[in-house]
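Shown next, in C-alpha cells, is the structure this report addresses.
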Amino acid sequence: MGPFGRRSSPGRTRRRLMARLRAYLRLASAALLWERLWPAIWPAVLIAGTGLAAALFDVLPLLPGAVHAALLALWALALVIAGVRGLYSIRLPGHAAARRRVERASGLGHRPLQALEDRPAERALDADQRALWRAYRRRTLDAIRRLRVGVPKAGLARREGAQVRADGALQPAHGVAAGVDDAEQQREDQDDPK
C-alpha cells in the first residue's frame, strides 16, 4: 500500500528500494572513509596539538633563538611528514566494500546485495524458472527494507593507548587555560604598576 491508501506498482517500489540502497551505500562509503581517514591523520593532529600547546604555554620564547627556530623547523617537518604519510595511506572505499559493510551491519548472510546484481545464466527461462527467479529477487528486495549502516569506528583504541589520545587532546586545552591565567596576571600588572 502506498501513501493515501493507493497501491504502489512493483516497479515503483523497486525503484524506491534501490534509491534507499544507494543512499545506504553512500553512507557506508562515508563511514568507511572516516574509519580510514581518522587513524591516518591522527599522528598529524597529535603533532599539531603538541605544537599548539607549546605555543599556548609560551615555551618557545624562553629558548635561545637558534633552538627556538630549530624546534619550529622540526615541528613543521614532522607535521608535514605525518600529514603526507597519513593522506597517502588512505584508500577510498569501493562499491564492494560499502556493500559488504551494509550487509554485515544489517546481519544479512549470503550477500543478498550482491544478488541484486545477479542475472540468470540462461536468457530464456521457462515459467517455473521465471517464478523462482522472481521469488529470489523479491526476497532480496525485502532484505533492503531492514538495512543498517552501523556507526563508524575509527579503531584508535586498538592502535594507540588512551593516554596518548588524552594527552593530545588535553594539551591545547591546558595551554588555553594557562594563557587565560597569564593574560589576567598581565592585566593586573598593567593596572597596578609597582
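The values are calculated or read from the model by the stated rules, or taken from the named source; none is laboratory data. The shown structure was predicted, so the numbers you read here are calculated from the model rather than taken from an experiment. Ideal geometry is used to build each Cβ from the backbone, glycine not excepted, and the neighbour counts take in all protein chains shown. Remember, those area values only see protein heavy atoms, side chains included, never the ligands or the DNA or RNA. Shrake-Rupley method; radii C 1.70, N 1.55, O 1.52, S 1.80 Å.
A few comments on the model shown:
- Residues that are modelled with pLDDT under 75 and either small (Gly, Ala, Ser) or under 25 Å from Arg20 (Cβ atoms) (or both) within segment 121-140 comprise just one, Ala121.
- Residue ID - farthest from the chain's Cα centre (by Cα), chosen from residues in segment 119-152 that are assigned to a loop (DSSP other than H, G, I, E, B) and over 22 Å from Arg104 (Cβ atoms): Asp126
- Restricted to segment 75-115, and to residues there that are assigned to a helix (DSSP H, G or I) and hydroxyl-bearing (Ser, Thr, Tyr), the residue that is nearest to Ala54 (Cα to Cα) is Tyr88.
- Qualifying residue in segment 2-18 (condition: open to solvent by 60 Å² or more (accessible area, probe 1.4 Å), within 21 Å of Arg145 (Cβ to Cβ), modelled with pLDDT of 85 or more and in a helix (DSSP H, G or I)): no
- Test: residue in segment 88-98 that is over 25 Å from Trp42 (Cα atoms), over 16 Å from the mean Cα position of the chain (by Cα) and open to solvent by less than 70 Å² (accessible area, probe 1.4 Å): yes
- Among the candidates Leu25, Leu21, Leu52, the residue that is hydrophobic (A, V, I, L, M, F, W, C) and modelled with pLDDT of 85 or more is uniquely Leu25.
- Subset of segment 38-63 [out of contact with any Pro (no Cβ under 6 Å at 6 or more places or on another chain), touching a residue at least 24 places away in the same chain (Cβ under 8 Å) and open to solvent by 50 Å² or more (accessible area, probe 1.4 Å)]: Trp38, Pro43, Val45, Thr50, Ala55, Leu56, Phe57, Asp58
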